[in-house]
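Student: Handing you this structure, nothing more for now.
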Amino acid sequence: MPKRTEALDPPRSANGGSDLKTDTCSGTTPPKVSAMKPRRSGEETWSSGAHRTTPRGAGTSPSRQAIGASLAACAGIETCEAAEGLDAITRPDVELVIWRRSLPSRLQTWLERLDATLLPDMRLLVRPEDLVRALEPLLNDRGLPQGEMRALLVCDVDSLVSAFARIARTDLVDVRLQSVGGDACWKFHRDCVEARLLTTYRGPATEWVRPRHAEAALRAQKRFKGPIEHLRAHDVAIFKGSCAGPGSGIVHRSPAIAGTGRTRLLLCLNKPSAVSPEPWPKGSQRDPPLP
Ligand SMILES: [Fe+2]
């Protein structure tokens, strides 16, 4: 296995000195370990998980091969062409895995043209098998028009929640489907989680830096001149955070959109934590548990 150059990085704080305090800012509040769900017998940490070989570059277009080759030059970064490739995040040498994908163009157009006030803005702690039942009433409350495009969106969220639950080996997933109209987590930081899945359905996507530039980005923040990497809209990425183990955590930030009039739609998936809502349907007012 190639030696990881980022292992030479000095010890670093969880949020890189950021003064961000809220969980909505990508989990910069350290989870209370005692409140975390205990691992099941035999369950492995993200950093000690079983190795899986992820084919890289097979069957890809020349342009995507070029992107993959560029990213592959950075140890710890993987790209894949299918959801199954996201499993690479369980390898101890992988800090970030990016599934390069495109959603149907009609769904992209629908999302971009939607009135921003109708975009979902919700958080759920839910079992994957309950996701659709839990999500639909919230979308109704929001006024998101029903139809084929909404069904495609819900189907995509559903499949990503299931994939994350399988990869993270968790029965419950903390699902945030948020509309973001400001700069949100504009500071470079590492998330205080083991790992988190992100995808941006609308608007500019998350920015990140390669591990060898992480400390410079954390120090310089807005003065950092790059290089800065950009996820593309609809890419699915699983970032390791600072809780994955010593030296882990991809430094990243939200794109600055304040004043542009744009509104992003972001999906963020996490394992349950102390700041998660009550599990659905226990926490749902619409569908309370039976006595
Ligand atoms: Fe974050």
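Student: Alpha carbon centre of the range 170-220 versus the range 89-152: separation in Å?
Tutor: Using only Cα atoms, the two centres lie 17 Å from each other.
Student: Between Arg106 and Ile228, what is 0.36 nm times their sequence separation minus the Cα-Cα distance? Round to one decimal in nm.
Tutor: Numbers: separation 122, 0.36 × 122 = 43.92 nm, distance 2.97 nm.
The Arg106-Ile228 span can extend by a further 41.0 nm.
Student: First check a/c for the range 91-191, with a ≥ b ≥ c the square roots of the eigenvalues of its C-alpha gyration tensor; if it is under 1.5, answer rounded, and if not, answer prolate when a/b is larger than b/c or oblate otherwise.
Tutor: Cα axes put the range 91-191 in the prolate bin.
Student: Given H placed on each backbone N at 1.01 Å, which residues far from Arg101 in sequence or on other chains put an amide H within less than 5 Å of it?
Tutor: Under 5 Å from the amide H of Arg101 lie the amide H atoms of Asp235, Val236, each far enough along the sequence or on another chain.
Student: State, to one decimal in nm, how far the label point of Cys155 lies from the label point of Met122, with both points 7 Å from Cα in the Cβ direction.
Tutor: 1.9
Student: Could you run the Karplus curve 6.51 cos²θ - 1.76 cosθ + 1.60 with θ = phi - 60° over the range 89-103 and give me ³J(HN,Hα) per residue in whole Hz, x for Gly and Pro?
Tutor: Per residue, the Karplus-derived 3J(HN,Hα) values read 5, 6, 6, x, 8, 10, 9, 8, 10, 10, 8, 7, 8, 10, 7 Hz.
Student: Also, quick follow-up: Name the long-range amide H neighbours of Leu172: under 5 Å, sequence gap of 5 or more, or other chain; modelled H, no Pro or chain starts.
Tutor: Here nothing satisfies the definition.
Student: Sticking with this structure for a sec: Which whole-Hz couplings ³J(HN,Hα) result when phi for each residue of the range 227-242 is put into the Karplus expression 6.51 cos²θ - 1.76 cosθ + 1.60, θ = phi - 60°, listed in order with x for Gly and Pro?
Tutor: Each residue of the range 227-242 in turn: x, 10, 8, 10, 5, 9, 3, 6, 4, 10, 10, 10, 9, 6, x, 6 Hz.
Student: Follow-up question, since we're still on this one. So how do 184-193, 95-104, 246-255, 124-133 stack up, highest first, on mean other-Cβ count within 10 Å?
Tutor: Highest-to-lowest ranking by the protection proxy: 184-193, 246-255, 95-104, 124-133.
Student: Shifting gears a bit: Whole-Hz Karplus ³J(HN,Hα) for the range 135-143, in order, using 6.51 cos²θ - 1.76 cosθ + 1.60 and θ = phi - 60°, x for Gly and Pro?
Tutor: So the J values, rounded to whole Hz, are 7, 4, x, 5, 5, 4, 4, 6, x.
Student: Name the residues of the range 209-245 whose amide N is less than 19 Å from a point 7 angstrom out from the Cα of Asp183 along the C-beta direction?
Tutor: Correct set: 209, 216-231.
Student: With 10 angstrom as the radius, rank Cys268, Cys243 by how many other C-beta atoms surround their C-beta, starting from the fewest.
Tutor: Going from sparsest to densest Cβ surroundings: Cys268, Cys243.
Student: Quick one: which residues, 5 or more positions from Arg202 or on another chain, have an amide H under 5 Å from its amide H? H modelled 1.01 Å from N in the peptide plane, none for Pro or chain starts.
Tutor: Answer set, sorted by chain and number: Leu265.
Student: Tell me the relative contact order for the range 61-285 as a rounded percent, counting alpha carbon contacts under 8 Å between residues six or more apart.
Tutor: Numbers: 431 pairs, mean separation 59.9, N = 225.
Answer for the range 61-285 is 27 percent.
Every read-out reported here was derived from the displayed coordinates using simple, explicitly stated rules and does not represent laboratory data. Note that the coordinates shown come from a computational prediction; the quantities given were computed from them, not determined experimentally. In this analysis, Cβ positions are derived from the backbone assuming ideal geometry, glycine residues included, and neighbour counts consider all displayed protein chains.
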